[in-house]
Amino acid sequence: MISKKIDRKEVLAVLLDAEISRRELSSNNLSSDAIQFSSKDGPFFQALKGLAIAMSEGDGERAARKRVNQKIEDSVKGMSDDC
Amino acid sequence: MIVEGLQLKNFQCYAGEIEENTFRFTRGLNLIIGENGSGKSKIWDAFYWVLYDEIFQSDQREFVRTSVYKEQLIADKAKYECDRGESVDAKVILTARTSTNKVYKVTRVYKATKMEDGSFVGSDRSNLIIEEKKSTRWETLTPDRHESIIDTIIPSHLRKYMWFQGEHINQLMDLRDKSALSNVIELLSDIKTYNSLIEITKNGSRDATRALQSARRSSSQDSSKASDLDRSLIVNNDLLARRVTQQDKSKQERQTAEGLRDDLLIQVDTARERRGLAGELKQVEGEISSLSRDFDLKIEAISKNLITRQWVLMHCESSLKKFEDRYSEFDRRCHDYKKSFDNDVSPLPVDIPRPVDIRQMLSAEVCMVCGRDAKQGTSEHHHIAELLNRIDKAKEEPFLNDTQPYLSGLYRTTLEHAIKRKEIRSDISSEYEAISDLRAKIDRKNQDKKSLLNQLPGGVDQQDLSSGESILNQFNMHDRRAQDAEREIRECEEAIKNLRALIAKEGEELAGIAGAGIPLEKIVAAEVWEKLLDVAEDARRRVFQGIVDDLELRANEIFSDMTARTNSITGRLRLEVTAANTCIPKIVDSAGNTLAGSNDSNIILIKLALIMAVLTAKQKWSENYALIADAPTSKMAENYSDGFYAALSANFEQSIVVTYDFLDDEGRQRLKDLHIGEVYLIKSSHGSEERESRHDLKVTRERVTL
């Protein structure tokens, strides 16, 4: 459970940092699909944002997951709209 | 946070009013110096009691509450001077200033009443008053704020690191306990938040995968096969999760076991040697004890031998000789006497003629036996008269109560003893030889034992012979544990590999029979959640590593402050993060190799460096907290303790140390380059051994200027 309010920026920064460095390590293996999939407006980054907001607002676990799912759905809709 | 003052009234050995027992503290290194037993540790007790209502009892090695300690809190002198029916109290006041310039005064009081019989009755609890300074007056705070104010002065989670006694350091930062540092890191960081992040993403990923599978199943052309596959996937995913957890556990177990095993590694050869020598030692000790038993028996028998083997006669030689001489004399005289008596003997019986007849013959001057005249003055008359003497002589018979047989028996015994005397002499000397022989044998065996003990690696100090055996047993046990864990890890690895392949295959199959109409967001969500889990785990690892790096850097800065004054320490501290996300401290050389065999002072320094690194992690705490320690250098050599004080002075805005270092002016010279606050010298009117229940005990403090 998330019990402590922490700085959203801090969480986001660490999460993004973790993702970017992970991607750097395995950049050669990333398919073009995956790159598009995790572009800044893609569902992955949206989900990260959702998590960061949930953490900073001290949401419970269920609420956090709901928020992440919502963000994924929104961005997927955005992707389909683009199509 | 700066502790500005500590005031005591009748608290333990500090008899007297507040004014007499006031300690002021400033920024820098504040010292309370005193001989062992002078009462300086009671200052530390006062600090602790005023905030936490507990007293550290060093003999029981535990904190006890006021409700248990009761009137022992009050100075004996004050109790003695208190009249019956009156009350007396112990009081401690602590004044502290926060970084935002708020000043708090914490007062704790304990009161007891003297009964008619001289005993004291006190309540079970003390009274706590906390006041806050408002410009010129003190405002009393309501009890519901007490806890938070005390937590402001000393945060409860840092309390054990900020307040400690020298003897606690080892357990405070137990380097063998692999989680000790990890706990510190949890304290220092939001790492727990990252754990919950992982938990959320794990659950999210599981749910998203299930949702996707369920969508596939419901849109499938072959619904029964799809639902079979789906069920199988759920089961296999559960199995996979269980295997992963099991593998994690085994990894942790392997790491713990290997750590414990490796800790023992340097001791193993020694332990083997000790075990071998222990066998020999046991035999020698057996022989020594059997010889000693014989020896003791012989010694014990000496006093018995005085009687049973008549050794006591050795000292009667002159008496025996005297007796022998006397007896010879007696015998000779008896013999002479008998002889003289035999010469005189008459052929007639003693009573013939009868004395009456003899007297008649004498008066008639005639022998009535032969008829011859026996005129007075003639030899005949004399012979008749002698017949009367013969009767008197008969009365004097010397052998009527004859002691001669008794004395002669005695003499024979004496003769026997005289002969035996020579035997006793040789008996004693042979016993003496036997005893000396035994003693020599015991000495030789003790020599053997000593040389065996000298051969014992680890020296004679560690005479616990079973330790070798127990170290080997422990080593083998941890080695077996590590091997078992290793086997389990490999089994899990194989199982995980197979399960993953199976799940992938089933997933593909399910996707293959899936129809159209699976919502895109479900597919995306499953993939995104899985990636989120990776990222969350990675983030936690990075944050953890970041904190460990900071802590390592900080601890090394402090460690080098501490070791700048001594050449005997080389190397630096390295905090190693393990796969199980715990943290192990090690001392390494410049090439990164672990340095083994650090001495005790060195280890204490490392622990103190870590404790100080935790407390001075400035970016983390809003306050700079004081370190308040009692005899922190008690287990350190002098050159090491100097380093400790230097590091304290350099790294803490304020520290208050109770110590027996720097008792004399010369010792205090060692402080001249440091940032020193106030220094007090504690003196007691009585030595520690005579301080129990002293009605006239007075402890005084003296401010020292350096």
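The values are calculated or read from the model by the stated rules, or taken from the named source; none is laboratory data. This is a predicted model, so every value here is computed, not measured. Heads up, the Cβs are rebuilt from the backbone with ideal geometry, glycines too, and the neighbour counts pull from every protein chain shown. Protein only, heavy atoms only, side chains kept; ligands, DNA and RNA dropped before computing areas. Shrake-Rupley method; radii C 1.70, N 1.55, O 1.52, S 1.80 Å.
For the range B:398-405, does any single residue satisfy the condition of being in the same structural domain as B:E324 (by TED's automatic domain parsing) and either assigned to a helix (DSSP H, G or I) or at pLDDT 90 or above (or both)? Yes: the range B:398-405 contains one or more residues that are in the same structural domain as B:E324 (by TED's automatic domain parsing) and either assigned to a helix (DSSP H, G or I) or at pLDDT 90 or above (or both).
Per this entry, B:I43 is counted among residues that are within 17 Å of B:S655 (Cα to Cα) and either open to solvent by 10 Å² or more (accessible area, probe 1.4 Å) or touching a residue at least 12 places away in the same chain (Cβ under 8 Å) (or both). Looking only at residues that are under 22 Å from B:W163 (Cα atoms) and acidic (D, E) in the range B:57-80, which one is modelled with the lowest pLDDT? Applying the filter and picking the extreme gives B:D59.
Scan the range B:373-397 for residues that are open to solvent by 50 Å² or more (accessible area, probe 1.4 Å) and at pLDDT below 85 and the total you get is 8. Condition first: open to solvent by 20 Å² or more (accessible area, probe 1.4 Å) and away from every other protein chain (no Cβ under 14 Å). Can you find one or more residues in the range B:202-212 that meet it? No. Regarding B:L520, is this residue touching a Gly at 6+ places or on another chain (Cβ under 8 Å) and within 14 Å of another protein chain (Cβ to nearest Cβ)? For B:L520, the condition - touching a Gly at 6+ places or on another chain (Cβ under 8 Å) and within 14 Å of another protein chain (Cβ to nearest Cβ) - is not met.
Annotation: of all residues in the range B:105-118 being farther than 30 Å from B:R137 by Cβ and not hydrophobic (A, V, I, L, M, F, W, C), the one that is surrounded by the most Cβ atoms within 10 Å (Cβ to Cβ) is B:K114. Residue count for the range B:523-535 satisfying the condition of being more than 7 Å from chain A (Cβ to nearest Cβ) and touching a Phe, Trp or Tyr at 6+ places or on another chain (Cβ under 8 Å): 1.
Suppose we keep only residues that are in a helix (DSSP H, G or I) and at pLDDT below 80 within the range A:40-61. Which one would you say is farthest from the other protein chains (Cβ to nearest Cβ)?
Checking each candidate, the answer is A:S56.
The set of residues in the range B:118-136 that are closer than 19 Å to B:T100 by Cβ and in a strand (DSSP E or B) comprises B:I130, B:E131, B:E132, B:K133, B:K134. Inside the range B:119-172, can you point out the residues that are within 39 Å of the chain's Cα centre (by Cα), open to solvent by 70 Å² or more (accessible area, probe 1.4 Å) and of a type in the set (A, V, I, L, M, F, W, C)? Scanning the range B:119-172 gives a single hit, B:V121. Residue check: is B:G28 open to solvent by 10 Å² or more (accessible area, probe 1.4 Å) and not acidic (D, E)? No.
Scanning the range A:62-82 for residues that are facing chain B (nearest Cβ under 10 Å) and modelled with pLDDT under 85 gives A:S75, A:V76, A:K77, A:M79, A:S80. Count of the range B:58-115 residues, restricted to those that are of a type in the set (K, R) and within 27 Å of B:I150 (Cβ to Cβ), is 9. Of the residues making up the range B:546-573, those that are surrounded by fewer than 16 Cβ atoms within 10 Å (Cβ to Cβ) and over 21 Å from B:S649 (Cα atoms) are B:G546, B:D549, B:S568, B:T570. The conditions of being at pLDDT 90 or above, open to solvent by 10 Å² or more (accessible area, probe 1.4 Å) and small (G, A, S) are met by B:S87.
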